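Enquirer: Dropping the structure in here first, questions after.
The values are calculated or read from the model by the stated rules, or taken from the named source; none is laboratory data. As the structure is a prediction and not an experimental result, all values here were calculated from the model. Methodologically, a virtual Cβ is constructed for each residue, glycine included, from the backbone with ideal geometry; neighbour enumeration extends over all protein chains shown. The protein model used for the area step is the full one, side chains on, heavy atoms only, and it has no ligands, DNA or RNA in it. Shrake-Rupley method; radii C 1.70, N 1.55, O 1.52, S 1.80 Å.
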Amino acid sequence: MKLFDVVVVGAGVSGSWAAKELTEQGLKVLLLDRGSKIIHKDSYITEDKPSTDFKFRGKLPPALLNAIYPIQKNSYALSDFTRHFFIKDKNWEYNSTSPFSWIRSQKAGGKSLLWGRQTYRMSELDFKNWPISYEDLKPWYDKVEIFIGVSGKNEGLEIVPDGIFQPPFPLNSIERHVKSKLKQNFSDIHLTNGRCAHLTAPTDEQVNLGRMSCIKKNQCERGCSRAAYYSAESSSTKAARNTGNLTEMYDSVVLKLNFEPGRNKVVSITVIDKKSKNAQEISAKAFFLCASTIASTQILLNSKSTSFPQGLGNSSGVLGHYLMDHMTSLGAKGIVEIESNDIDFTRPTGSYIPRFNHKLKNLDYKGGYAFQCYVSRGSWSKAHLHPGIGSSLKKKIEESKWYFQMDALAEMQPHFDNTITLNENETDEYDLPLVKIDCKFKQNELRMKDDIKLKSVEILKKVGLKNVESYDSNNVPGQTIHEMGTARMGNNPKESVVNQFNKLHDVANVFVADGSCMVSSGCVNPSLTYMALAARAANYCSSLIKNNQL
């Protein structure tokens, strides 16, 4: 068996970035993933196919959704165009004591194939209880943004730090109107272009990877042969592969990490081939868990030994606690009474109102929220509900009103009793104990919800919108697909699982470098932060190996 410097578990945004940084430092890396291999371009089997090629025009019938995808159906991205990327729920691979949606891909690259691509930095305020500051992560934010390509506009707002952006997708006339009215009526509420991981002016490095500018096909979740949006396979995994230092293994389920007490190290990892069910042990100098928050913690909890009876690196008893997600699908919408003929429905992003409630006083909850904003026309998607045919029907549709919508992304506090544990009495087909999830939005989050609905209605009325109404889809944890926490970062080994460089406090050579390490959720999409943390951890690990400290 080939000897590796580092084994990286998970080929999504975090794992591919760890692999990229480690291989570019000259280290020999094995990248493992339980998903099937993705071949950029060839695996995008529905790309550019017209909806008429699909029996239900891309929709999936309720009977099929309920039978095969009872959990995955809660993802906005699941359709007949994308179902081949999603795991099937029929085996019910986890238990939950309260509703929780664990959304998973069955392909290498994970959810980077399907993500919404909204890309924002956490601010200094968000790092308040972390062992690192915004300044510690800033150079890694810079590095990630330059490589993946983020379109956006610098606004000089401390709460949503500026970045290194490619040109933004322009605001349309309705967004410009709302932006102007916000400026007239509020000093601390701003609207800017949505920042998204799409190329608008590719760099030489991106072109050399085969990436091209976004042409706004609005089929992103099907896969993009132009690699115009960032995904692991088209970008960071490809860069790692180009070094010649990467070995890849797919359809590989990690059962446990094997700890040797005398050396205070993990000496090998036990991996099961999904097809043959055969197990093997693979040795390395260091190990990176980037399998996603729940999966990485599942592996740690299952890696028990006499030294760690509660799970590897769990002397604190904190492993599995503080599970978080974000709240979404709530806010307000109203009618904008202006004429508009420049609405671009294939633009891959909307507009954005950064957090402002940190400037408000006497709030009865902790945390913040921001708004991702959209323009829609009421009848285009519901034209079939209108009576008539031909020119009369077309006239009714064209006379439909324009709506502006503020959809919140709201922070969830790290509650100790929101947990991941293992059900030792029930295992999957690979003999891995099933995850048991106990996670709820608490009273703090419910009070924030009330404020979001009140404040969004107040804002839209103030800027002159008509028929303003709030809404709340009552999403449960997991449905925003931003699960994080459970192996939190900290300086105190008695209160946290990993240190400021994502290394287990208790073990010399194991790093947890995905969303598991998050201390707080903030109110921005977290993928950029995951990538920056993974890159930082990988470079630290590389320095340890090169200095013979591992």
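Enquirer: With the full set of protein chains in place, find how many percent of the accessible area of the range 389-456 is carbon and sulfur; take the probe as 1.4 Å.
Expert: In the range 389-456, the share of accessible area belonging to carbon and sulfur is 48 percent.
Enquirer: Now for a separate question. How big is D for the range 402-466, in µm² s⁻¹ as a whole number, if Stokes-Einstein is applied with the Kirkwood radius of its Cα pairs at 20 °C and 1.002 mPa s?
Expert: For the chosen part, D equals 139 µm²/s.
Enquirer: Loop only per DSSP, at most 11 neighbouring Cβ atoms within 10 Å: give me the trypsin sites (Lys or Arg not before Pro) in the range 433-532, ordered by residue number.
Expert: When the trypsin sites (Lys or Arg not before Pro) of the range 433-532 are filtered for loop state and at most 11 Cβ neighbours within 10 Å, LYS494 remain.
Enquirer: Another question, if that's okay. How big is the Cα convex hull of the chain in projection, averaged over all directions, in nm²?
Expert: That works out to 25.5 nm².
Enquirer: Could you state the principal axis extents of the C-alpha atoms in the range 128-260, from the largest down, to the nearest angstrom?
Expert: 62, 41, 28
Enquirer: Let me ask you something else. Heavy atoms only, probe 1.4 Å: what % of the accessible area of the range 51-178 goes to carbon and sulfur, would you let me know?
Expert: Answer for the range 51-178 is 53 percent, counting heavy atoms of protein chains only.
Enquirer: Students sometimes get this wrong: rank SER473, SER16 by accessible area, probe 1.4 Å, all chains present, largest first.
Expert: Correct descending sequence by accessible area is SER473, SER16.
Enquirer: Over the Cα atoms of the range 283-442, how large are the radius of gyration and the largest Cα-Cα distance (Dmax), in Å?
Expert: My reading of the Cα-based Rg and Dmax gives 24.5, 77 Å.
Enquirer: So what is the accessible area of the chain per residue, in Å², with the probe set to 1.4 Å?
Expert: 40 Å²
Enquirer: Kirkwood Rh, Cα Rg: Rg to Rh for the range 439-481?
Expert: Value, to two decimals: 1.08.
Enquirer: What is the Å³ per residue value for the convex hull set by the Cα atoms of the range 94-196?
Expert: Convex hull volume per residue, Cα atoms: 196 Å³.
Enquirer: Using R₀ = 45 Å, calculate the FRET efficiency as 1/(1 + (r/R₀)^6) where r is the Cβ-Cβ separation of GLU155 and LYS217; round to 0.05.
Expert: Efficiency for this residue pair is about 0.95.
Enquirer: For the range 488-550, treating each Cα as an identical point scatterer without solvent, what Debye log10 I(q)/I(0) comes out at q = 0.15, 0.24, 0.30 1/Å?
Expert: Results for the range 488-550 at q = 0.15, 0.24, 0.30 Å⁻¹ read -0.45, -1.00, -1.28.
Enquirer: Right, next: List the chymotrypsin sites (Phe, Trp or Tyr not before Pro) within the range 38-76 that fall in a DSSP loop (any state other than H, G, I, E or B) and whose Cβ has at most 16 other Cβ atoms within 10 Å.
Expert: Filter output for the range 38-76: PHE54, PHE56, TYR76.
Enquirer: Over all directions, how big on average is the projection of the convex hull of the alpha-carbon atoms in the range 160-221, in square nanometres?
Expert: Averaged projected area of the range 160-221's Cα convex hull equals 5.9 nm².
Enquirer: Grab the DSSP H runs of the chain that are 4 residues or longer, score each as -39,500 (n - 2.57), total them, divide by all residues and round the 222 nm result to the nearest 500 deg cm²/dmol.
Expert: -6500 deg cm²/dmol
Enquirer: Assuming R0 = 51 Å, can you tell me the calculated FRET efficiency for the pair LYS37 and LYS361, based on Cβ-Cβ distance, to the nearest 0.05?
Expert: The computed FRET efficiency comes out at 0.40.
Enquirer: Counting only DSSP beta bridges with both residues in the chain, what percent are antiparallel, rounded to the nearest 5?
Expert: Of the beta bridges lying entirely in the chain, close to 70 percent run antiparallel.
Enquirer: Using a Förster distance of 60 angstrom, determine the FRET efficiency expected from the C-beta separation of LEU544 and LYS461, and round it to 0.05.
Expert: Between LEU544 and LYS461 the formula returns 0.60.
Enquirer: What number comes out for the charge environment of SER520, summing +1 per Lys or Arg and -1 per Asp or Glu over other residues with Cβ under 11 Å away?
Expert: That sum, taken over residues with Cβ under 11 Å, equals +1.
Enquirer: In angstroms, what radius of gyration and Dmax does the range 1-159 have, counting Cα atoms only?
Expert: For the range 1-159, the Cα radius of gyration and maximum Cα-Cα distance read 19.4, 53 Å.
Enquirer: For the range 437-550, what is one quarter of the convex hull surface built on the Cα atoms, given in nm²?
Expert: Orientation-averaged projected area of the Cα hull: 9.8 nm².
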